Amino acid sequence: MCCTSFLGALLSFFIIAPISHSVITNYKSIIEDFTSTCITESNVEPTMVHDMIHNGNYVSNRALQCYLRCMYLKIGLLDEKGVINETAVKENAGVTDERIREHVVQSCRNVKGRDLCEKAYNLSKCTYYTVKSWHP
Ligand SMILES: *[C@@H]1O[C@H](CO)[C@@H](O)[C@H](O)[C@H]1NC(C)=O
Ligand SMILES: *[C@@H]1O[C@H](CO)[C@@H](O)[C@H](O)[C@H]1NC(C)=O
């Protein structure tokens, strides 16, 4: 556990600069109310969630994908039919800059997935990397 996240941090330091600290803090405050519920529901490895938020490491793991489904239904980014709420996408993008929020919606509104777990995962990954590319 210590060493996986150490390695992750080391790798992200050399390969990709981590996403801005303020964005991470915003993401954590958005998800904090539902973190334990969604970890329990999806049975995801908590270190995998941590590594995703801190290092952008989107492991292609079913439990992680369904963790994001749980989270996105709770915060209203997706509904049960898979309809994306673009207002909620903007509000939960982790940034206040309206131009970056607009880039996120433009880039990510058409993400697909075979079910809600994959769709939520794709949407989260798209949001994360769009914000990362625009936020210094
Ligand atoms: C979309 O999300 C916003 C902000 O959370 C909310 O106010 C609005 O009611 C939602 N729209 C729908 C159709 O659920
Ligand atoms: C989303 O998920 C599906 C299924 O895993 C994948 O085929 C697709 O390429 C993904 N990406 C986007 C941007 O839709």
Checklist outcome for this item: As straight-line cross-link partners of Lys81, the qualifying aspartates and glutamates (C-alpha separation under 20 Å, not fewer than 8 residues apart within one chain) are Glu41, Asp115, Glu118
Checklist entry - With a 10 Å Cβ neighbour count serving as the proxy for reagent exposure, in which order, fewest first, do Val95, Val83 appear? => result Val83, Val95
Next on the checklist: Using a Cα-Cα cut-off of under 15 Å, which aspartates and glutamates could be cross-linked to Lys28, ignoring same-chain neighbours fewer than 8 residues away?
Outcome noted: Asp51, Glu91
Checklist entry - Taking the Cα centre of region 12-119 as the origin, how large is its charge dipole in debye, to the nearest 20, when only Lys and Arg (+1) and Asp and Glu (-1) carry charge on their Cβ atoms? => result 280
Item to check | Dipole of the chain, positive end: most advanced residue of Ile24, Ile84, His54 [Cβ charges, Cα centre] | outcome: Ile84
Checklist outcome for this item: When the chain is treated as a Gaussian network with springs between alpha carbons less than 10 Å apart, the largest mean-square fluctuation among His54, His21, His103 is found at His21
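Once the Cα gyration tensor of the chain is found, what semi-axes does its equivalent ellipsoid get, as square roots of 5 times the eigenvalues, in whole Å, sorted largest first?
21, 19, 13
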Checklist outcome for this item: Listed residues Lys28, Lys125, Lys81; largest mean-square fluctuation, Gaussian network over the chain with Cα springs below 10 Å, found at Lys81
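Values quoted throughout were computed directly from the atomic coordinates according to the rules given, and no laboratory measurement underlies them. All values derive from a computational prediction rather than experimental measurement. Using ideal geometry, Cβ is built from the backbone for each residue, glycine included, and neighbour counts are taken over all protein chains shown.
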